[in-house]
Amino acid sequence: MRAFTFERANAPVEAAAAVARTPGAKFIAGGTNLLDLMKLQIETPTHLVDVNGLKLDTIEPTPEGGLRIGALVRNTDLAADERVRRDYGVLSRALLAGASGQLRNRATTAGNLLQRTRCPYFYDTAQPCNKREPGSGCSALDGFSRQLGIIGVSDACIATNPSDMAVAMRALDATVETVRPDGMARKIPIAEFHRLPGETPHVETTLEPGELITAVTLPPPLGGRQIYRKVRDRASYAFALVSVAAVIQRDGTGRLAVGGVAHKPWRVEAAEADLPRGAKAVTERLLAGAKSTHDNAFKVLLVERTLGAVISEARS
Amino acid sequence: MSDPGELNVNRREVMVGAGACAALAAAPPSVRAQPAPVVTPVMTQVSFNVNGQVRTLELDTRTTLLDALREHLHLTGTKKGCDHGQCGACTVIVDGRRINSCLTLAVMHQGGAVTSIEGLGTPDNLHPMQAAFVKHDGYQCGYCTPGQICSGVAVLDEIKAGIPSHVTADLTAPVQLSESEIRERMSGNICRCGAYSNIVEAMTEVAERQG
């Protein structure tokens, strides 16, 4: 790990300003992903701003009837919140399907949104990776790509976003609230928060330098059957090959987002009109233009079958 | 007070240093403009309560809570397995919650309360979970055991607190203790010897005795 200076922030704008004015600075909250990457010198911040004291750790009702989740609410607390369990079951389920008990106790809502890919070539500092070293090339294209992306990929990067939580939040149409170093607050729809890799896979979100996530808001409850189904290589404590977050109403209509297939939680609203027609029809539109590799071509069928299981469960 | 852990460079540290040099030589040249690195270690003071005792340390900011416990406080019961949050050998209880001590910085726990395996029980006065692991053979080599026991104690508290898990059938009903609940919740603690079934038995016995 490279040496760094350290400070504790007491207010959100102060934290944002501290990161903005210090080249190479980063926020640290749970630290479970950042420290892992710092040990491997994939992340080499010169200054860390500890945001754990910012008191952004409560879940409050919004005037619109939704919930406002503080950026520092731990994954365990969000999953266990009675209102989330009752009204946003897909979010509880997604959180509980991710990581381990120890990690969920530390990991925060904002940090989960910002966690980085687990592409093996991003982690292997001896290999080219456009996300880690822009312009160096993508080792995954001709490498082991079983875990990697099949849709929205580019010639520069086929990494996937590893978050379970974000897939549920995409299905729920959450909004990310931030504050910029100049004190201006803004709201970013989760659909616009994560970017596709394109030519700049190292730029993963639409956050500006120093911009700090303060909260994630959920719209009023959607009702329906809320299901998160995750398919992975072992039954617990593994990243998704494919996951489906869905909210399906009694009449068969609904909404869904898919994880494990793209650089961001993958949702195509137009495909949801086909939900009453079944998984095959939805998947054809959802994954239109898919570009898989030899290793991960199975994911197209796996999405269809996982979605089929979700639709069956919703009807049962 | 002299500190033998800080005066002697041990073999492991030499090997880590050598590995870092090899990685640097193999790394492709960076095309990004990098901010000037901080070249000298940055020292900072941190105080937290460890097993009921307030400890104050002068640490390199890079020191993980795990290394603070093992290398600076010489509480070597907590183990370093993977050092990347994948194995759970470093599990300790901080402010009432189990965490991976390898993936958190010591300086992030100013004023916090840490319970390591040494704080749960002693050889003459075992914690009930320690006694149950002995009774049920919940280990073979023992390396993962301190983490398993810290995790096990916290898991039973989490179930009592009504925190659901991936295998909880009904999110809106009270959480019930079961073998599948224990197995799912303990998935962050890997046992290379495969003592899992005995660990489940040990935890079940403690849970049933707690009522």
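Every read-out reported here was derived from the displayed coordinates using simple, explicitly stated rules and does not represent laboratory data. Being a predicted model, the structure only gives us computed values, none of them experimental. Glycine gets a Cβ as well: all are built from the backbone with ideal geometry, and neighbour counts include every protein chain shown.
Could you tell me how far the Cα centroid of region A:147-181 sits from the Cα centroid of region B:146-211, in Å? Rounded to whole Å, the Cα centres lie 31 Å apart.
Across peptide B:156-162, how many C-beta atoms of other chains are within 10 Å of each residue C-beta, on average? Walk me through the numbers before you get to the answer.
Numbers: counts 0, 0, 4, 0, 0, 2, 3.
Partner-chain Cβ atoms within 10 Å, mean over residues of B:156-162: 1.
Over all pairs of different C-alpha atoms, region A:1-94 has a mean inverse distance whose reciprocal, the Kirkwood radius, equals 15.0 Å.
Backbone geometry of region A:279-286 corresponds, through the Karplus equation with coefficients 6.51, -1.76 and 1.60 at θ = phi - 60°, to 3J(HN,Hα) couplings of 5, 5, 5, 5, 4, 4, 7, 4 Hz, x marking Gly and Pro. As a length-normalised measure over Cα pairs under 8 Å and 6 or more apart, the relative contact order of chain A settles at 18 percent.
Just tell me how shielded A:253-260 is by partners: mean number of partner chain Cβ atoms within 10 Å of each residue's Cβ, no decimals.
Neighbouring Cβ atoms belonging to other protein chains average 0 per residue here.
Computed over region B:41-119, the range of Cα coordinates on each principal axis works out to 29, 28, 20 Å, biggest value leading. Exceedance of the 29 Å cut-off in Cα-Cα distance is limited, within the set A:Lys230/A:Lys280; A:Lys291/B:Lys80; A:Lys187/B:Lys160, to A:Lys291/B:Lys80; A:Lys187/B:Lys160. The order of the peptides A:63-70, B:87-94 by mean Cβ neighbours within 10 Å, most packed first, is B:87-94, A:63-70. As a length-normalised measure over Cα pairs under 8 Å and 6 or more apart, the relative contact order of region B:121-211 settles at 43 percent.
Out of all DSSP beta bridges with both ends in the protein assembly as shown, state the antiparallel percent to the nearest 5.
Working: 51 of 61 bridges.
Percentage antiparallel, nearest 5: 85.
Report for region B:41-119 the percent antiparallel among DSSP-assigned beta bridges with both residues inside it, nearest 5. Approximately 90 percent, going by the DSSP bridge assignments. Share of Cα-Cα pairs in the protein assembly as shown beyond 30 Å, in percent? Summing the P(r) tail past 30 Å for the protein assembly as shown gives 50 percent.
A protection proxy built from the mean count of other Cβ atoms within 10 Å ranks the segments A:146-159, A:179-192, most packed first, as A:146-159, A:179-192. Each peptide in B:122-128, A:234-240, B:97-103, A:264-270 was scored by the mean count of other Cβ atoms within 10 Å over its residues; highest first, the order is B:97-103, A:264-270, A:234-240, B:122-128. In this structure the amide hydrogen of B:Val50, modeled in the peptide plane, comes within under 5 Å of the amide hydrogens of B:Arg55, B:Val114, none closer than 5 places in sequence on its chain.
On average, how many beta carbons from a partner chain sit within 10 Å of the beta carbon of a residue in B:164-176?
On the way: counts 8, 7, 11, 3, 4, 0, 2, 11, 5, 1, 0, 1, 0.
Mean shielding by partner chains, rounded to a whole number: 4.
Sequence-ordered 3J(HN,Hα) estimates for region A:93-106 from the Karplus curve with 6.51, -1.76 and 1.60 and θ = phi - 60° stand at 4, 5, 4, 6, 7, x, 6, 10, x, 4, 5, 5, 5, 9 Hz, glycine and proline given as x. Taking 19 Å as the straight-line reach from the Cα of B:Lys79, the lysines in range (excluding those fewer than 8 positions away in the same chain) are A:Lys39.
Rounded to whole numbers, the Karplus 3J(HN,Hα) couplings from phi for region A:263-273 are 6, 8, x, 9, 9, 10, 4, 4, 5, 5, 4 Hz, using 6.51 cos²θ - 1.76 cosθ + 1.60 with θ = phi - 60°, and x at Gly and Pro.
Our note on the geometry: Cα centres of region B:105-119 and region B:28-88, 12 Å apart. Less than 5 angstrom separates the built amide H of A:Thr62 from those of A:Leu67, A:Arg68, all sequence-distant by 5 or more or on a different chain. A viscosity of 0.890 mPa s and a temperature of 25 °C, combined with the Kirkwood radius over Cα pairs in Stokes-Einstein, give a translational diffusion coefficient for region A:176-316 of 146 µm²/s.
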